[in-house]
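Structure record follows, encoded as structure tokens.
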Amino acid sequence: MGFVAEQLAEFVCKMRYNHLPDFIVEKTELAILDTLAALIGGVATDNARLSRIAARACFGPGSATAWFTEARLHSLGALFANCAAASSLDVDDGHCLAAGHPGAAIIPAVLAEATNLGSDGNDVLAATAIGYDVALRIAAARRFSDTMSFASGQWTGFGVAAAIGWLRKLSADQLAHAIAIAGAEAPQNLPQGDCQASSVKGSSPWSTVTAVFAVERAECGMNGSIDMLDRAHAYNIRAITAELGTRWLIGETYLKPYASCRYTHPVIDAVLALVAGRTHDESIGRIVVEIFPEARKLPNECAPKSLEGGQFSVPFAAALAALRGAEAFRPLRPHSLSDAEVVQLAEKVEIRYPDEFAGTFPQGTPARVMMVIDSSERAVDVPRPLGDANNPMDQSAVEDKLRDLGRDILPGAEIERLIEAVALLKQGDLASLLACLASRPVAVARAL
């Protein structure tokens with residue numbers, strides 16, 4: 001049978017677009033549209049802007065585009081910048097069992113490589129589905145511990161290497177080594193501290209660049225430790241290749257309607273349900289949030305000083321949803337951080353970690369919220385937040401997400417053109433999408 005990396009490489013090399021089930025093609029198309037929504041929404045953030053500055057300093061200028069900006073960078077710098085923009089708002093897709101986010105790494109890498117190679121739309125869809133499958137299989141098979149980091153950059157490179165290697169038509173041997181090198185040299189993020197959120201987030205931008213180097217090195221004949229995935233203490237080895245080719249993990253991903261950490265989403269859903277129909281003269285006395293214990297690891301600042309701090313705070317998300325509604329998360333904006341009424345309510349939020357929610361993560365992210373409104377106590381349970389694979393956002397919801405996140409960046413007509421261009425991929429047309437990615441922004445022209 002060979003090592004796991006070799007089995008994955010053999011599978012990838014034999015894959016063709018017409019092997020994908022129709023519903024996986026549709027799910028892949030939706031993933032691309034969703035990631036581009038996250039990227040457009042993220043380009044104007046400080047995280048993305050500073051990443052473009054650093055990318056230019058480290059990699060130099062060039063002809064590659066940092067999408068939806070005026071920046072022209074070296075191809076690796078542009079890739080880094082695009083991945084950073086896609087993940088900066090924390091509104092990119094994810095997978096529960098993998099406990100992380102594949103799209104912000106894999107989709108910018110596939111589109112960039114397809115541009116260089118002159119690939120078509122079918123190639124983009126196939127490479128994306130392949131990249132997700134390899135990355136998510138490896139990530140979901142990890143043996144979790146309380147002390148490990150959940151940074152996505154530790155495993156997204158496996159998928160980037162597989163996707164790019166497939167586009168380049170690497171041999172199975174080269175591809176196995178590319179996957180191994182990408183895994184060995186991925187950023188090994190330590191768990192974050194307890195004091196504050198970090199703009200480094202999951203390190204997917206650097207992991208993606210590292211994976212590109214891994215493919216280059218394997219193509220040149222360098223080798224990696226292709227037995228790295230055959231470690232029973234680190235992985236459920238059989239799970240990595242179980243149902244390979246019949247179960248596509250991109251079909252199990254979740255999408256995010258709100259620009260905040262996934263842990264906050266069931267809380268936001270519950271709060272929105274509780275305040276539905278509330279009038280402005282009805283006061284909110286207190287909010288009690290019951291949630292799974294892994295949420296203890298969030299900084300949970302009541303008065304966050306950065307967008308990252310707001311994205312990773314249960315009390316802030318609960319208060320913002322209660323007072324400003326869902327639109328405050330499409331996208332989360334800096335002015336919300338200084339909203340005195342929101343901060344004051346966030347300080348009244350009590351978080352509990354009941355035993356009944358222990359062990360539900362990462363398969364589930366449930367929450368229960370109790371709220372006192374004008375001396376009347378109400379409660380809502382949310383076992384599966386909106387966007388979960390079993391409570392999905394449909395095509396129209398993702399299109400609306402793109403319109404919301406892109407309204408200050410691109411003209412409305414350009415956004416509609418982008419939606420149409422993604423739909424044309426299954427007809428083989430990639431040129432229409434590439435033209436959209438080169439669109440001149442309305443609001444980010446000055447932001448490098």
Please identify the pairs in which a residue from segment 15-39 that is over 30 Å from Leu410 (Cβ atoms) has its Cβ atom under 6 Å from the Cβ atom of a residue that is not in a helix (DSSP H, G or I), counting only partners at least 6 apart or on another chain. none
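So which of Ala66, Ala5 ends up being touching a helix residue (DSSP H, G or I) at 6+ places or on another chain (Cβ under 6 Å) and either closer than 23 Å to Thr115 by Cα or basic (Lys, Arg) (or both)? Steps first, answer last, please.
Details: Ala5 fails: either closer than 23 Å to Thr115 by Cα or basic (Lys, Arg) (or both).
Matching residue, one of Ala66, Ala5: Ala66.
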If you go through Tyr258, Tyr263, the only one that is open to solvent by less than 20 Å² (accessible area, probe 1.4 Å), under 22 Å from Lys401 (Cβ atoms) and of a type outside the set (D, E, K, R) is Tyr258
Those residues of segment 143-176 that are of a type outside the set (A, V, I, L, M, F, W, C), open to solvent by 30 Å² or more (accessible area, probe 1.4 Å) and either assigned to a helix (DSSP H, G or I) or within 20 Å of Asn236 (Cβ to Cβ) (or both) come to a total of 7
Every residue in segment 313-342 that is open to solvent by 30 Å² or more (accessible area, probe 1.4 Å) and either touching a Gly at 6+ places or on another chain (Cβ under 6 Å) or assigned to a helix (DSSP H, G or I) (or both), please. Leu323, Arg324, Ala326, Glu327, Pro334, His335, Ala340, Glu341
Here is a list: Ile268, Ile287. Which entry is open to solvent by less than 40 Å² (accessible area, probe 1.4 Å), assigned to a helix (DSSP H, G or I) and either out of contact with any Gly (no Cβ under 6 Å at 6 or more places or on another chain) or at negative phi (or both)? Ile268
Test Pro354 against the stated conditions and say whether it is over 19 Å from Ile284 (Cβ atoms) and modelled with pLDDT under 95. no
Could you tell me whether Ala98 is assigned to a loop (DSSP other than H, G, I, E, B), within 15 Å of the chain's Cα centre (by Cα) and closer than 30 Å to Ser225 by Cβ? yes
Determine the pairs where a residue that is buried (at least 24 other Cβ atoms within 10 Å of the Cβ), located within segment 200-211, has a partner that is in a loop (DSSP other than H, G, I, E, B) with Cβ atoms under 6 Å apart, the partner being 6 or more residues away or on another chain. Gly202/Ala151; Ser203/Ala151; Ser203/Pro187; Ser203/Asn189; Ser207/Ala186; Ser207/Pro187
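Please determine, by comparing only the residues of segment 114-137 that are free of Cβ contacts under 8 Å to residues at least 60 places away in the same chain and crowded, with 23+ Cβ neighbours inside 10 Å, which one is farthest from Leu437 (Cα to Cα). Reasoning before the result, please.
First, the residues of segment 114-137 that are free of Cβ contacts under 8 Å to residues at least 60 places away in the same chain: 116-118, 127, 131, 135.
If we keep only those that are crowded, with 23+ Cβ neighbours inside 10 Å as well, we get 127, 131, 135.
Working: Ala127: 19, Gly131: 21, Ala135: 25 Å.
Checked segment 114-137; the qualifying residue farthest from Leu437 (Cα to Cα) is Ala135.
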From the residues in segment 212-231 that are under 19 Å from Met1 (Cβ atoms) and charged (D, E, K, R), which one is surrounded by the most Cβ atoms within 10 Å (Cβ to Cβ)? Asp230
Provide a single number: the residues in segment 336-379 that are closer than 26 Å to Leu255 by Cβ and free of Cβ contacts under 8 Å to residues at least 40 places away in the same chain. 4
What's the number of the condition Glu301 fails, among (1) open to solvent by 70 Å² or more (accessible area, probe 1.4 Å); (2) farther than 28 Å from Glu29 by Cα; (3) assigned to a loop (DSSP other than H, G, I, E, B)? (1)
Single match in Ala232, Ala239 (criterion: assigned to a helix (DSSP H, G or I) and of a type in the set (Gly, Ala, Ser)): Ala239
Is there a residue being in contact with a Phe, Trp or Tyr (Cβ under 7 Å, 6 or more places away or on another chain) and within 24 Å of Val267 (Cβ to Cβ) anywhere in segment 402-416? no
Look through Gly364, Gly359 and report the one residue that is at pLDDT below 95, closer than 30 Å to Lys27 by Cα, outside any helix (DSSP H, G or I) and open to solvent by 60 Å² or more (accessible area, probe 1.4 Å). Gly359
Just to be sure I understand, how many residues within segment 232-284 are in contact (Cβ under 8 Å) with a residue 40 or more places away in the chain, under 27 Å from Arg333 (Cβ atoms) and of a type outside the set (S, T, N, Q)? 23
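The values are calculated or read from the model by the stated rules, or taken from the named source; none is laboratory data. Not measured: the values here are computed from a predicted model. Neighbour counts run over all protein chains shown; Cβ positions are idealised from the backbone, glycine included. Just the protein is used for accessible areas: all its heavy atoms, side chains included, with ligands, DNA and RNA removed. Shrake-Rupley method; radii C 1.70, N 1.55, O 1.52, S 1.80 Å.
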